[in-house]
Amino acid sequence: MTLRELNEGISLKDIKSKVKVIKTSVTDKAKEIGKTLKDEFNDNKAAFGIFKKSIKGKFGGEKPTPEEFQKAIEQMKDNVRLTVIGAIGAAPGSALTLPLTFKIAKKMGITLAPSKTF
């Protein structure tokens, strides 16, 4: 079968339409990831503020509530999870090891997915 035979029936208009759909999908996903990263940055900033408040509380300043402190701890756990995922994802063969790691962690009762996922 020749290239010409393969291309018959597919118009330039069809190709442009499909490219536009893909471009829109990628753009929307990139915006979603950007918003999630911005939210994570703001959550980290708030968590460090709570830890700072906790340290000041040791020296007579206002202490954070237990709920605030627990929220900051959970944010730090998310940071550790993202670091582990990033390290595994950067390794060669991560397309195989990352899903396997999630499966093993789930069997062991360990949550690797951060609270906010993409």
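The values are calculated or read from the model by the stated rules, or taken from the named source; none is laboratory data. Since this is a predicted model, take the numbers as computed values, not measurements. Methodologically, a virtual Cβ is constructed for each residue, glycine included, from the backbone with ideal geometry; neighbour enumeration extends over all protein chains shown.
Checking 76, 108 one by one, the residue that is loosely packed, with under 12 Cβ neighbours inside 10 Å and of a type in the set (A, V, I, L, M) is 108 and no other.
Taking helices (runs of 4 or more DSSP H) as the structural unit, those lying wholly within the stretch 1-106 and holding at least 1 residues that are of a type in the set (Asp, Glu) and within 24 Å of the chain's Cα centre (by Cα) correspond to 12-58, 66-90.
Pairs meeting the criteria (first residue in the stretch 39-51 and closer than 18 Å to residue 66 by Cβ, second residue of a type in the set (D, E, K, R), beta carbons under 6 Å, at least 6 apart or on different chains) are 50/68. When residues in the stretch 15-34 are screened for being under 24 Å from residue 113 (Cα atoms) and surrounded by fewer than 11 Cβ atoms within 10 Å (Cβ to Cβ), 7 of them pass. Residues that are aliphatic (A, V, I, L, M) and modelled with pLDDT of 90 or more were ranked within the stretch 36-68; the one that is farthest from residue 79 (Cα to Cα) is 55. Residue count for the stretch 80-97 satisfying the condition of being surrounded by 14 or more Cβ atoms within 10 Å (Cβ to Cβ) and under 10 Å from residue 114 (Cα atoms): 3.
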